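Enquirer: Submitted below is the structure of interest, expressed as structure tokens.
Quick note: the coordinates plus some simple rules give every number you see, no bench work behind them. A quick note: this is a predicted structure, and the numbers were derived from the prediction, not measured. Here the Cβ positions follow ideal geometry from the backbone for every residue, glycine too, while neighbour counts run over all protein chains shown.
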Amino acid sequence: MTSLPADSHVHSEFSWDTGGPASAARGTMRATCERAVRIGLPGLFFTEHLDLEDAWVSDHEDFDEHEAHLLDEDGVVSVPRFDVEGYLEEIDRCRAAFPELAIGTGLEFGQPGLRTDAARAQLDLTAFDRITGSLHTLELDDHRVEPNTMFRRLTAGDVIRRYLAEVPAVVAADGPHEVVTHIDYAVRYWPEEAEGPFDPRRFEEELRGAMRAIADSGRALEINTRRLRPWIPQWWAEEGGRTISFGSDSHTALDIAANFPEAMALADWAGFRPGADPRELWRR
Ligand SMILES: [Zn+2]
Ligand SMILES: [Zn+2]
């Protein structure tokens, strides 16, 4: 049996959307490391959110109760600054407490195509072991808006197309991210009740185009294992993708490495193979 690959996309109490140390009791870095050791995960990267948006708005119902205080009455979102010093101290403590676990540092950097200069001004980005780029917000009327809010403003097909049209900008700049995550982020909020199940064939051209842009930039695509979609590794390989990572996108300890055996089988079927070290990207 091949050992599990490292989980390349894990959040802890240092991510603004876990609710902070008090309410993230089940998703603290320490609890997550304990869980990783218990399930035989050889390594993981704590990729905390770095979202440096300055004009982000949201509908109130799109924020959980523990995040409600991050919105003002006009729906303008401001998230707390990433506590990098506290994060690195806790990484050191966990490395000492769990020597059998390879603990990597990381970031999930939102909108890197737009925010790389701002990120470099705030942090030494070279100090992180794995930086994953993600697209969480889209341009709408001079604001940035998440897909869940946008599905109330535009037709469902428009939201998906706008999302995929912005993907090339995520990878165009000389951003620090070696991986791009959840290309299906907008699909998470697909209004299934009104539209029926999401059918990737309806957007095949746009999905493949977004994948080509990522592949052409030389970056890896993450298989975000929160929800497996077999067409992602298949089309990624067909569009020239050479490398993939595996990320659970967990916000609680119980969710780390979710669906990894199935994701490994999918990656293998699409022609990707592991390296010698579980922290390496899989290649084809
Ligand atoms: Zn994300
Ligand atoms: Zn995430």
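Enquirer: Please report the net charge: other residues with Cβ closer than 14 Å to the Cβ of P278, K and R +1, D and E -1.
Expert: -1
Enquirer: Moving to a separate point now. Roughly what would the spin-label model give for E139 and T126, points 7 Å off Cα along C-beta, in nm?
Expert: The modelled label-to-label distance comes out at 3.2 nm.
Enquirer: Over segment 155-224, what is the relative contact order in whole percent, taking alpha-carbon pairs under 8 Å and six or more residues apart?
Expert: Over segment 155-224, the number comes to 52 percent.
Enquirer: Now for a separate question. From the P(r) of segment 7-283, could you give the percentage of C-alpha pairs in the tail past 32 Å?
Expert: 20 percent
Enquirer: Related question: Report, in debye and to the nearest 20, how large the dipole of segment 7-283 comes out about its Cα centre when Lys and Arg carry +1 and Asp and Glu carry -1 on their Cβ.
Expert: It works out to roughly 1180 debye.
Enquirer: Could you state the number of Å between the C-alpha centres of segment 213-284 and segment 93-152?
Expert: If we compute the Cα centre of each part, the gap is 18 Å.
Enquirer: Summing +1 for each Lys or Arg and -1 for each Asp or Glu, what net charge is found among the other residues whose Cβ lies under 10 Å from the Cβ of L50?
Expert: That sum, taken over residues with Cβ under 10 Å, equals -1.
Enquirer: Let me ask something else. Would you compute, from DSSP H runs of 4+ residues alone, the mean residue ellipticity of the chain at 222 nm, taking -39500 (n - 2.57) per run and dividing by the full residue count, rounded to the nearest 500?
Expert: -9500 deg cm²/dmol
Enquirer: List the DSSP H helices in the chain whose Cα atoms stretch 24 Å or more along the helix axis and whose mean Kyte-Doolittle hydropathy is at least -0.5.
Expert: 156-172
Enquirer: With a sphere of radius 9 Å drawn around the Cβ of G218, what net charge do the other residues whose Cβ falls strictly inside it have (Lys, Arg +1; Asp, Glu -1)?
Expert: 0
Enquirer: A follow-up question, please. Indicate the gyration tensor shape class of segment 142-269 (rounded, prolate or oblate), computed on the Cα atoms with a ≥ b ≥ c the square roots of the eigenvalues: a/c under 1.5 is rounded; otherwise a/b larger than b/c is prolate and the rest oblate.
Expert: Rounded is the answer for segment 142-269, as its axis ratio a/c remains below 1.5.
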